[in-house]
């Protein structure tokens with residue numbers, strides 16, 4: 001019996017992992033030909049080696065130019081290193097663009113996951129309401145169980161209306177007690 005339970009738990013974990021794999025594959029399938037190299041560049045610039053490499057190149061640039069200035073009195077980039085400033089500015093523009101594109105895509109994926117989580121929550125709420133209703137029916141049908149009115153069970157046995165939840169959250173938002181974005185005033 002314990003082995004059957006362990007097998008069942010293992011199967012449930014594998015099913016959950018399969019759902020996660022499916023979500024990852026779906027996110028990968030949503031990548032365009034432009035997103036793929038940007039995602040790869042994003043993974044590259046997110047490494048500490050990128051920062052160390054840039055600092056090394058910038059330091060080397062400055063040192064070489066200063067050495068050339070003092071030994072040969074001729075450099076390719078005189079201090080205050082306008083070419084280096086241009087290179088750094090261009091690099092900052094590229095990195096910022098990559099980060100913004102990656103964040104926008106990750107935001108879309110997060111929104112999809114939030115919607116999926118909401119669907120699961122609503123489904124679980126409906127299941128719970130059905131179970132409570134069935135238990136209440138069972139209690140009233142069983143002769144050896146005292147039949148009584150349970151107001152909490154009556155309330156919890158009703159499926160929640162999403163409109164009512166949203167209205168309650170908006171009411172709390174008016175008071176400032178929720179994370180909902182503030183209403184725009186007309």
- Checked against (1) modelled with pLDDT of 90 or more; (2) touching a helix residue (DSSP H, G or I) at 6+ places or on another chain (Cβ under 9 Å); (3) under 29 Å from residue 99 (Cβ atoms); (4) part of a helix (DSSP H, G or I), residue 77 satisfies every condition except (4)
- Can residue 128 be described as assigned to a helix (DSSP H, G or I), surrounded by 12 or more Cβ atoms within 10 Å (Cβ to Cβ) and either under 39 Å from the mean Cα position of the chain (by Cα) or at pLDDT below 85 (or both)? yes
- Message: Quick check on my filter: what residues within the range 80-89 are touching a helix residue (DSSP H, G or I) at 6+ places or on another chain (Cβ under 8 Å) and either part of a loop (DSSP other than H, G, I, E, B) or loosely packed, with under 13 Cβ neighbours inside 10 Å (or both)?
- Response: 81
- Could we say that residue 42 is out of contact with any strand residue (DSSP E or B) (no Cβ under 6 Å at 6 or more places or on another chain), part of a helix (DSSP H, G or I) and in contact (Cβ under 8 Å) with a residue 24 or more places away in the chain here? yes
- Note on the structure: The correct count of residues that are part of a helix (DSSP H, G or I), surrounded by 12 or more Cβ atoms within 10 Å (Cβ to Cβ) and touching a helix residue (DSSP H, G or I) at 6+ places or on another chain (Cβ under 9 Å) in the range 153-168 is 3
- Per the filter on the range 30-39, residues outside any loop (DSSP other than H, G, I, E, B) and either modelled with pLDDT under 80 or in contact with a helix residue (DSSP H, G or I) (Cβ under 7 Å, 6 or more places away or on another chain) (or both) are 35, 38, 39
- Among the residues of the range 90-102, which ones are surrounded by 12 or more Cβ atoms within 10 Å (Cβ to Cβ) and within 19 Å of the chain's Cα centre (by Cα)? 98, 99, 101, 102
- Message: Just to check your reading of the model, which residue among 101, 67, 57 is in contact (Cβ under 8 Å) with a residue 24 or more places away in the chain and part of a helix (DSSP H, G or I)?
- Response: 101
- Note on the structure: The condition from (1) within 21 Å of residue 27 (Cβ to Cβ); (2) loosely packed, with under 12 Cβ neighbours inside 10 Å; (3) at pLDDT below 85 that residue 146 misses is numbered (1)
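The values are calculated or read from the model by the stated rules, or taken from the named source; none is laboratory data. Here the structure is a predicted model, which is why all the values come from computation and not from measurement. Cβ: placed from backbone, ideal geometry, glycine included. Neighbour counts: every protein chain shown.
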